[in-house]
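Asks: The following block contains the structure, expressed as structure tokens.
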Amino acid sequence: MDKTFRIAPSILSANFAKLGQEIADVIKSGTDIVHFDVMDNHYVPNLTIGPLVCEAIRPVTDAIIDVHLMVKPVDRIIPDFAKAGANIITFHPEGSEHIDRSLSLVRDSGCKSGLVFNPATPLDYLDHVMDKIDMILLMSVNPGFGGQKFIPETLNKLRIARQKIDAYYEKTGRQIWLEVDGGVNANNIAEIAKAGADTFVAGSAIFGAGKDTDPNRYDTVVKSLRASLATV
């Protein structure tokens, strides 16, 4: 089983006046995935970015673009993000009337698909759709705003999700990524990894720690995250 750890900086915390440069710098600093937070001011109390921004940044990077849709209803916008260059599209069960159909829509649009679970949302939604899932994303804060503190109960939920993923892998040989998003930093990332996560979204922890003295601005903070992960 693949034990690779992936770091996914959330561009919600980047400087939007120079977004292309921020993405180029943060990937060169040693991160793996561009995490793209979409909020609609309906499902969550905030409004962020849409497919046009995704389309604009696609030529800037070869990295995976991981689009997290905090949107309700979700089906209408899925093909737009697929066309805009997303590689992975995840959404919340509450955002879909028919989860199986929405997952199929993501796959049929040429992207990898996944479900996102808020802190109090049960993992039961996974039970009958694992064959259509490439990523499970656990929110370790309530969605809508960056800079929140990690909710410790997420560690228990990660362990349960990891058991489900491992059991599925034993049965099928197909790997599913387990991503966590919210309050991740160098002080807790090792503990989160030990609980079962392999992909880590970090927004303010990365973009709030840029250094002009670093060759790629974020080298120091990414190195500290990697050093913590190396202890797992």
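Asks: Select, from D100, D108, D124, D166, the only residue that is in contact (Cβ under 8 Å) with a residue 40 or more places away in the chain and out of contact with any Leu (no Cβ under 9 Å at 6 or more places or on another chain).
Replies: D166
Asks: Let me ask something else about it. Is there any pair with a first residue in the stretch 211-224 that is under 14 Å from K18 (Cβ atoms) and modelled with pLDDT of 95 or more and a second that is part of a loop (DSSP other than H, G, I, E, B) and open to solvent by less than 60 Å² (accessible area, probe 1.4 Å) whose Cβ atoms are under 6 Å apart and which are 6 or more apart or on different chains, and what are they?
Replies: Here the result reads N216/S29; R217/G210; Y218/S29; Y218/G210, each pair linking the stretch 211-224 to a residue that is part of a loop (DSSP other than H, G, I, E, B) and open to solvent by less than 60 Å² (accessible area, probe 1.4 Å).
Asks: Something else: Looking at the stretch 150-158, is at least one residue open to solvent by 50 Å² or more (accessible area, probe 1.4 Å), outside any loop (DSSP other than H, G, I, E, B) and modelled with pLDDT of 95 or more?
Replies: Looking for residues that are open to solvent by 50 Å² or more (accessible area, probe 1.4 Å), outside any loop (DSSP other than H, G, I, E, B) and modelled with pLDDT of 95 or more, one finds at least one in the stretch 150-158, hence yes.
Asks: Residues in the stretch 159-197 that are surrounded by fewer than 22 Cβ atoms within 10 Å (Cβ to Cβ) and among the acidic types (D, E): how many?
Replies: The qualifying residues number 3.
Asks: If a residue must be assigned to a loop (DSSP other than H, G, I, E, B) and under 14 Å from the mean Cα position of the chain (by Cα), how many such residues does the stretch 117-132 contain?
Replies: Selection size over the stretch 117-132: 1.
Asks: Something else: Determine if the stretch 51-65 includes at least one residue that is within 21 Å of A209 (Cβ to Cβ) and open to solvent by 40 Å² or more (accessible area, probe 1.4 Å).
Replies: Taking every residue of the stretch 51-65 in turn, none turns out to be within 21 Å of A209 (Cβ to Cβ) and open to solvent by 40 Å² or more (accessible area, probe 1.4 Å).
Asks: Let me ask something else about it. Got a number for residues in the stretch 54-83 being farther than 13 Å from V106 by Cα and touching a residue at least 12 places away in the same chain (Cβ under 8 Å)?
Replies: Counting residues in the stretch 54-83 that are farther than 13 Å from V106 by Cα and touching a residue at least 12 places away in the same chain (Cβ under 8 Å) gives 14.
The values are calculated or read from the model by the stated rules, or taken from the named source; none is laboratory data. Quick caveat, the model's predicted, so the values are computed rather than measured. Quick reminder, even Gly has a Cβ in these numbers, built from the backbone with ideal geometry, and neighbours come from all protein chains shown. Accessible surface areas use protein heavy atoms only, side chains included; no ligands, DNA or RNA. Shrake-Rupley method; radii C 1.70, N 1.55, O 1.52, S 1.80 Å.
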